[in-house]
1. Within the stretch 148-163, can you find the residues that are open to solvent by 10 Å² or more (accessible area, probe 1.4 Å), over 22 Å from Gln68 (Cβ atoms) and not in a loop (DSSP other than H, G, I, E, B)?
2. Kindly indicate whether Val142 is at pLDDT 90 or above, under 15 Å from the mean Cα position of the chain (by Cα) and among the hydrophobic types (A, V, I, L, M, F, W, C).
3. I'd like the residue in the stretch 183-221 that is touching a strand residue (DSSP E or B) at 6+ places or on another chain (Cβ under 9 Å), outside any loop (DSSP other than H, G, I, E, B) and charged (D, E, K, R) and, out of all such residues, is modelled with the highest pLDDT.
4. Does at least one position in the stretch 121-144 carry a residue that is in a helix (DSSP H, G or I), free of Cβ contacts under 8 Å to residues at least 24 places away in the same chain and more than 22 Å from Ile196 (Cα to Cα)?
5. Please go through the stretch 164-182 and pick out each residue that is part of a loop (DSSP other than H, G, I, E, B) and in contact (Cβ under 8 Å) with a residue 24 or more places away in the chain.
6. Report the residue count in the stretch 165-184 for those that are surrounded by fewer than 15 Cβ atoms within 10 Å (Cβ to Cβ) and in contact with a Phe, Trp or Tyr (Cβ under 8 Å, 6 or more places away or on another chain).
7. Kindly indicate whether Pro95 is out of contact with any strand residue (DSSP E or B) (no Cβ under 7 Å at 6 or more places or on another chain), free of Cβ contacts under 8 Å to residues at least 40 places away in the same chain, surrounded by fewer than 18 Cβ atoms within 10 Å (Cβ to Cβ) and over 26 Å from Gly208 (Cα atoms).
8. Quick check on the stretch 130-146. Is at least one of its residues in contact with a strand residue (DSSP E or B) (Cβ under 8 Å, 6 or more places away or on another chain) and not hydroxyl-bearing (Ser, Thr, Tyr)?
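The values are calculated or read from the model by the stated rules, or taken from the named source; none is laboratory data. Keep in mind it's a predicted model, so treat the numbers as computed, not measured. Using ideal geometry, Cβ is built from the backbone for each residue, glycine included, and neighbour counts are taken over all protein chains shown. Calculation scope for accessible area: heavy atoms of the full protein, side chains included, ligands and nucleic acids excluded. Shrake-Rupley method; radii C 1.70, N 1.55, O 1.52, S 1.80 Å.
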Amino acid sequence: KVFEKKMPFIRMLRRVGQSPACVCWTSVLPVRFLGLSPRQIPADANFHSASFSDTDHPRVLITGGLGQLGVGLANLLRKRFGKDSVILSDIKKPPDCVFHSGPFIYSDILDYKNLREIVVNNRITWLFHYSALLSAVGEANVSLARAVNITGLHNILDVAAEHNLRLFVPSTIGAFGPTSPRNPTPDLCIQRPRTIYGVSKVHAELMGETMLSRFFMMPQSMANLSATWKPTRGCR
């Protein structure tokens, strides 16, 4: 709730993650952080956060845009910032209604060079990272899920750090496990998921917390960070 006072945009994100059949609350965690890969980040990269205001006109990239959340988020952001300011991306061919609704490009998060080119050529300032292999598909191909959900995440972290992007990474109820307390499940508790998808989302959450503690120790800085949201009970 503290972050909502500073960032009214977060309330928009909450509504996108909900549906009539899926009413949930979300907990907001700061996540503007760096990846821990051996890739070199420029020494002069600016990692300081900037506050959000109604006058901002971001250039937005959504990875995994043809999944469960991407199209709905794109529609919402395009209404606020303009159709051409929001780019959907995926590795699949979009249906006609999506293709003609606004910019769409091919983007493979495992191709770091391709990610950099997209960010630079389109002057991206905000990045929503939705690319992931979900539970059923991930369990059928663990090696691919590990690559997409973990290696792909680190590529996103690195390109976001290199180009000073605002980064949004969602988590999931799948990050909890059978030993997690129930009714209600607190945000901070034993998780221990049993799927590669859940494990990869716990990894993403811990990366965010680790980078936050290393780079943003001042409360004033924390108040203006970008954020991730985590669906709790009642959601996928």
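1. Correct list: His154, Glu162.
2. Considered against the rule, which asks whether it is at pLDDT 90 or above, under 15 Å from the mean Cα position of the chain (by Cα) and among the hydrophobic types (A, V, I, L, M, F, W, C), Val142 comes out as no.
3. Lys201
4. Yes, the stretch 121-144 contains a residue that is in a helix (DSSP H, G or I), free of Cβ contacts under 8 Å to residues at least 24 places away in the same chain and more than 22 Å from Ile196 (Cα to Cα).
5. To start, the set of residues in the stretch 164-182 that are part of a loop (DSSP other than H, G, I, E, B) comprises 164-165, 169-172, 176-182.
The answer is Asn164, Leu165, Val169, Pro170, Ser171, Thr172, Arg182.
6. Adding up the residues that qualify gives 0.
7. When the stated conditions are applied, Pro95 passes them.
8. No, because not a single residue in the stretch 130-146 is in contact with a strand residue (DSSP E or B) (Cβ under 8 Å, 6 or more places away or on another chain) and not hydroxyl-bearing (Ser, Thr, Tyr).
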